[in-house]
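> A single structure is presented below for examination.
The values are calculated or read from the model by the stated rules, or taken from the named source; none is laboratory data. Because the structure is predicted, anything quoted here is derived from the model rather than measured. All Cβ positions, even for glycine, are placed from backbone atoms using ideal geometry, and neighbour counts span all protein chains on display. Remember, those area values only see protein heavy atoms, side chains included, never the ligands or the DNA or RNA. Shrake-Rupley method; radii C 1.70, N 1.55, O 1.52, S 1.80 Å.
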Amino acid sequence: MGDPILGNNGEEFPDDNPAFDWRSVFDAALRPQEGGGGAGNVGIPRNEEIDFDMKWYSSEVEARNGNYSGERMLNVNLNLGLSGGASSSSRVVQKEESDRDTYSKRPKVNSFSLDWDNHLLQETSYLCPMNEDGGDVSLSNLLGATDDEGKDNDISKVEDLDVRMDLTDDLLHMVFSFLDHIDLCRAASVCSQWREASSHEDFWRYLNFENKQISSDQFEDMCRRYPNATTINLYGTPNIHPLAMKAVSSLRNIDALTLGRGQLGETFFQALTDCHVLKCLIINDATLGNGIQEIPIYHDSLRLLQLVKCRVLRVSIRCPQLETLSLKRSSMPHAVLNCPLLHDLDIASCHKLSDAAIRSAATACPLLVSLDMSNCSCVSDETLRDIAQTCANLRVLDASYCPSISLESVRLVMLTVLKLHSCEGITSASMAAIAHSYMLEFLELDNCSLLTSVSLDLPRLQSIRLVHCRKFIDLNLHSGMLSSITVSNCPLLQRINIASSALKKLVLQKQESLTTIALQCPNLLEVDLTECESLANSICEVFSDGGGCPVLKSLVLDNCESLTVVDFCSTSLVSLSLAGCRTLISLEFRCPYLEQVSLDGCDHLERASFCPVGLRSLNLGICPKMNVLNIEAPQMASLELKGCGVLSAASINCPLLTSFDASFCSQVKDDCLSATTSSCPLIESLVLMSCPSVGCDGLFSLHSLPNLTYLDLSYTFLVNLQPVYESCLRLKVLKLQACKYLTNTSLEPLYKENALPALCELDLSYGTLCQSAIEELLACCTHLTHVSLNGCINMHDLIWGFTGDQLSHIPSVSIAPHGSSLGEQDLSNELPKRLLENLNCVGCPNIKKVVIPMAQGFLLSSLNLSLSANLKEVDIACYNLCILNLSNCCSLESLQLECPRLSSLFLQSCNINEETVEAAISRCTMLETLDVRFCPKICPLSMTKLRVACPSLKRIFSSLVPS
């Protein structure tokens, strides 16, 4: 229910009150009565009062039987007619006007009683669209009906209804100018001021009855009401002939008339002469006359005539002012034209017009500028020659789908647009005729199956299209204004020669036979030659300096599989893509401004030189055959050589390089690493994973990298980490995965000699360190925040505490007994602060027991023990622990937790019983997520117990069915 409407006495009338059914009125169109004009500040005399005469009946609609029962009724005068004397409605309106506030012009709309106008119910349907059954949707179908008694009862209830508005008449007129007719009728139901404004003739100059059910009487009434209407649309209305006759006889100011979908008799075209100001006549999909007679169209002021898809035997048009004529898709074998000023003629798809008829029609219009004769299969070159001689000003010609024309001996000197789509007679010899059209700007030659070559030197040519020309081989274009070239699906095209100072983008994709390109395009910026499989290495000369494209910035040579050696020297090239060039062996770039290069899929590349380039990053992807690399890139910050397994010689001179990834470059030796660190002193991240040839000498060279913070030496044969301790003083992250040759004492300098004081993340996954070395590292190297021990087979138990040997290296402490809940302030004063926050022990096969007292793991926030198949007992008391992952620990039996901040617990596929889980989570007061999927001893139907044990739970993931 919307906001209520308040009456003068404060009573409420809600907007969905059945006595005032706005929705019904909004869905109905109001019938204007006799006369026209309006009152107010919209330029209409005040004594010509306009009303809508209308009633709203109180009703409750029964959806199935359509019966109405009304208890209340509101009568509002919405009469759109002019009356000779002062009616009751006019007296009320005059009283309203006297009561208006002269400053704000806010009208009062009072309820009053009037008899229902029978014509309203009969004549409003023409503004409503036809229903699905083809019948009318009239106002009487949308509004209920009631008796006089109900009417009288309702008047007393809604008297003094007051609706106030602040819009002036001028502003209202401007707002209403944006509304269509239906919305204007809806607006008229609001108040008297809106009724007057919506009926202004300015809004009713265009009467659109397209596809509306309107009778002859209704249309005649509209013509009488709005005699100054200028535009009428009767397309799709029933019986268009009588309606059209009334339009041309009643509306003397009509200048545009649209008709269609019916039959128009000869009398209509005879009556057109009386409609002196008619400028535009559109007839679509109609039968003219009886189909066996000539239809004359004689009019002295007609400027535009369209007879589209019409059926007529013969048409004779004599219109001295006609400028545009369309007979498109009309089935007429004869057409006689006497239109000396005709500029545009469209006879497209007039299949019954003979060649002689087309010649006669076109040559009768000496001022013709545009001619569309597409799909007129009988047109001959003789007709075109006559047209060219008669119509000297012809600028636009569409002769598409005319198989008989070849343009031999045709001279269309002034032509600017020529469309020859699917003209089978067009061959290379036709280009001689086209060459005489020196004014030509647009040329379309799509699907000309016999065309083999195009050679044109046209100074004004701007656009050319060559699509699906199956025999096309050679393209030679010279035009200073050529800016658009569309060449596609020409499988035999071999040579292209283009000279243009306006061309900025050239796309020649999927030209499999293209081998030669010559360009003289001083402003060309982008070239796309994707999948031009036959291009030779010489294409590089075209796009290098001196090749005719001095400002070229972007070049795409993707999937050009014939390229083997690429050598570019360009001072303008910014972006180059060679993705998918699988036969490419060697490339050399001397492009100081080259910023982007793509070499994805160039898996046979052996030699690469980037000297110099403007690249900021370079990813050579997986180039398993790359063995020689030279890079000189003053702006490069990131270099990735991951997968260059046979790379043995590399010269890298990138003074701004910060990230260098040489993963799996197994042939990179110490001398190469030393030269790189010397020429790239700003490296911060260095990845040497699986570089077994790097030894101590190479690691000692890292002292040249004062900003090195990330070092990955995983899967190497390192025995001694001393070069790292001495050279990488600012190292924060050290990854030593699967470094199986490290001794158990290799990490002692970290906590005994304070080596790598900034180190916070250490990865020892899949290593061979013994249990005691791991325990000492965790206990004594307190500055580490992230430790990974995944897959460590020598790790048997994870019990945090301090042994006697360890106490000699740290200050004396007293360990709080397990189970005592220490507050945050108390813990801060106990043992030396262990900064460890994240511990990963995934897949440690021999770990059986984990014990972490509250005092030892105070800052630990994430612990991952998943896939530890032999883990049986977990006892953790961590104040800050938020995430605990024990998934796939199939031997887990005991779980004790005292983790007040734990939010996520993962127990997927654990062989643990329900009671143990319930007891464990009962002391985790902030737990939100619990994963117990595939736990055979936990019934998914007993989740209620877990929620009772831990009320903070929000999400429990369990199996769909009991195990």
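> Of the residues that make up region 466-481, is at least one more than 23 Å from S404 (Cα to Cα) and surrounded by fewer than 16 Cβ atoms within 10 Å (Cβ to Cβ)?
Within region 466-481, one or more residues are more than 23 Å from S404 (Cα to Cα) and surrounded by fewer than 16 Cβ atoms within 10 Å (Cβ to Cβ).
> Still on this structure, I have one more. Select the strands (runs of 3 or more DSSP E) contained entirely in region 552-632, then report the ones holding at least 1 residues which are small (G, A, S).
Output list reads 554-556, 575-577, 586-591, 596-598, 607-613, 617-619.
> Right, next: Mind listing whichever residues of region 296-331 are within 14 Å of K279 (Cα to Cα), open to solvent by less than 30 Å² (accessible area, probe 1.4 Å) and out of contact with any Ser or Thr (no Cβ under 8 Å at 6 or more places or on another chain)?
S301, L302, C319, L322, L325
> Does at least one position in region 176-189 carry a residue that is under 45 Å from the mean Cα position of the chain (by Cα), surrounded by fewer than 17 Cβ atoms within 10 Å (Cβ to Cβ), at pLDDT below 90 and among the small types (G, A, S)?
yes
> Please give the strands (runs of 3 or more DSSP E) falling wholly within region 267-341 in which 3 or more residues are of a type outside the set (A, V, I, L, M).
The qualifying strands (runs of 3 or more DSSP E) are 280-288, 294-298, 314-318.
> Next question. Being in contact (Cβ under 8 Å) with a residue 40 or more places away in the chain and of a type outside the set (K, R), is that true of even one residue in region 671-681?
No, every residue in region 671-681 fails to be in contact (Cβ under 8 Å) with a residue 40 or more places away in the chain and of a type outside the set (K, R).
> Among the residues of region 288-295, is there at least one that is modelled with pLDDT of 90 or more, surrounded by 20 or more Cβ atoms within 10 Å (Cβ to Cβ) and at negative phi?
Checked region 288-295: at least one residue is modelled with pLDDT of 90 or more, surrounded by 20 or more Cβ atoms within 10 Å (Cβ to Cβ) and at negative phi.
> Also, quick follow-up: Would you list the strands (runs of 3 or more DSSP E) that sit entirely within region 634-683 and hold 3 or more residues that are in contact with a helix residue (DSSP H, G or I) (Cβ under 6 Å, 6 or more places away or on another chain) and closer than 28 Å to H604 by Cβ?
In region 634-683, the matching strands (runs of 3 or more DSSP E) lie at 649-653.
> Right, something else. What single numbered condition from (1) open to solvent by 50 Å² or more (accessible area, probe 1.4 Å); (2) at pLDDT 85 or above fails to hold for F209?
Looking at each condition in turn, F209 falls short on (1).
> I496 versus (1) under 30 Å from I622 (Cβ atoms); (2) hydrophobic (A, V, I, L, M, F, W, C); (3) modelled with pLDDT of 95 or more: which is the lone unmet condition?
Failed condition: (1).
> Tell me, please, whether a residue that is touching a residue at least 24 places away in the same chain (Cβ under 8 Å), part of a loop (DSSP other than H, G, I, E, B) and more than 29 Å from S488 (Cα to Cα) can be found in region 403-426.
Checked region 403-426: at least one residue is touching a residue at least 24 places away in the same chain (Cβ under 8 Å), part of a loop (DSSP other than H, G, I, E, B) and more than 29 Å from S488 (Cα to Cα).
> Out of everything in region 351-394 that is over 26 Å from M439 (Cα atoms) and either touching a helix residue (DSSP H, G or I) at 6+ places or on another chain (Cβ under 8 Å) or of a type in the set (A, V, I, L, M) (or both), what residue ends up being surrounded by the most Cβ atoms within 10 Å (Cβ to Cβ)?
Per the criteria, the residue is L353.
> Would you check which residues across region 646-673 are of a type in the set (S, T, Y) and closer than 21 Å to V733 by Cα and list them?
T658, S659, S663
> Filter region 435-491 for residues that are aliphatic (A, V, I, L, M), under 33 Å from the mean Cα position of the chain (by Cα) and part of a strand (DSSP E or B) and give the result.
Listed by number, the residues that qualify are L443, I464, L466, V467, I485, V487.
> For region 862-871, does any single residue satisfy the condition of being more than 22 Å from S959 (Cβ to Cβ), over 48 Å from the mean Cα position of the chain (by Cα) and not aliphatic (A, V, I, L, M)?
Yes: region 862-871 contains one or more residues that are more than 22 Å from S959 (Cβ to Cβ), over 48 Å from the mean Cα position of the chain (by Cα) and not aliphatic (A, V, I, L, M).
> In addition: Take the residues in region 332-342 that are crowded, with 20+ Cβ neighbours inside 10 Å and not small (G, A, S); name whichever of them is modelled with the lowest pLDDT.
Selected residue: M332.
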